[in-house]
Amino acid sequence: MPRLTHLDDSGAAQMVDVGAKPATARTATAQGRIAMSADAIAAIRAGTLKKGDALAVARLAGIMAAKRTSDLIPLCHPLPLTHVSVDLAMDEEGVTATAHCACTGPTGVEMEALTAVSIALLTLYDMAKAIDRAMVIGPVRLIAKAGGRSGDYSA
């Protein structure tokens, strides 16, 4: 079984030293979903939520969250992101969020993509909760990554 890199020999949490690793191009894409009532979807689609344009706000929240991932997740390295996009696709049962992150650095951007999706979905919940408190978020998952020593991954 591979050793967990965020634990030292005594089992204490540690930040991995990536100083000796070369900076390489890295990308990651994550996806998640929020299911909601027809009334909530209709209000988002019509732009009638009291808090404003839910899709625009959620997109911005996801982008901002990706940039702050190392502030939110204790052992994540701050990364020089070169690209973050958050796409939101509505259907009759909810919204699917897809985030794509890129950087050139010594470690991957999977956590940034997952954070972007999670915060975008939480923002949609916050904006529509007056209409539907029973919304369900999930699953949220990594769907692809490229670059780095561990190579490419695709779900």
- Message: Among 79-85, 24-30, 38-44, 95-101, how do they line up by average Cβ neighbours within 10 Å per residue, starting with the highest?
- Response: 95-101, 24-30, 38-44, 79-85
- Listed peptides 115-128, 53-66 by packing density, highest first (mean Cβ within 10 Å): 115-128, 53-66
- Taking all protein chains as present, what is the carbon and sulfur share of the accessible area of the chain, in % to the nearest whole number, probe 1.4 Å? 58 percent
- Note on the structure: Within the under-13-Å Cβ sphere about residue 38, not counting residue 38, Lys/Arg +1 and Asp/Glu -1 give a net charge of -4
- Message: Of the listed values [x] 16.5; [y] 15.5; [z] 18.6, identify the label whose number matches Kirkwood radius over Cα pairs in Å calculated from this model.
- Response: [x]
- Query: Which net charge results when you count Lys and Arg as +1 and Asp and Glu as -1 among the other residues whose beta-carbon is under 9 Å from that of residue 96?
  - Reply: -1
- Item | Candidate lysines - alpha carbon under 23 Å from residue 67, same-chain residues fewer than 8 apart omitted | 21, 145
- Nearest 10 degrees, 0 to 90: what angle lies between the long axis of helix 54-67 and the longest principal axis of the chain (Cα atoms)? 10 degrees
- Query: For residue 33, which sequence-distant residues (separation of 5 or more, or a different chain) have an amide H within less than 5 Å of its own amide H, given hydrogens modelled in the peptide plane?
  - Reply: 97, 138
- Task: Return the lysines within reach of residue 129: Cα separation strictly under 16 angstrom, same-chain partners fewer than 8 residues apart disregarded; answer none if there are no such residues.
- Result: 50, 51
- Query: Put a dot 7 Å past each Cα toward the Cβ at residue 87 and residue 133; how far apart are the dots in nm?
  - Reply: 3.5 nm
- Message: Need one number: nm distance between label points at residue 70 and residue 42, each 7 Å from Cα along Cα→Cβ, rounded to one decimal.
- Response: 4.7 nm
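The values are calculated or read from the model by the stated rules, or taken from the named source; none is laboratory data. These figures come from a predicted structure and were not determined experimentally. Counting neighbours? That spans all protein chains shown, and the Cβs are built from the backbone with ideal geometry, glycine included. Each accessible area value is taken on the protein alone, full model and side chains, heavy atoms only, with ligands, DNA and RNA left out. Shrake-Rupley method; radii C 1.70, N 1.55, O 1.52, S 1.80 Å.
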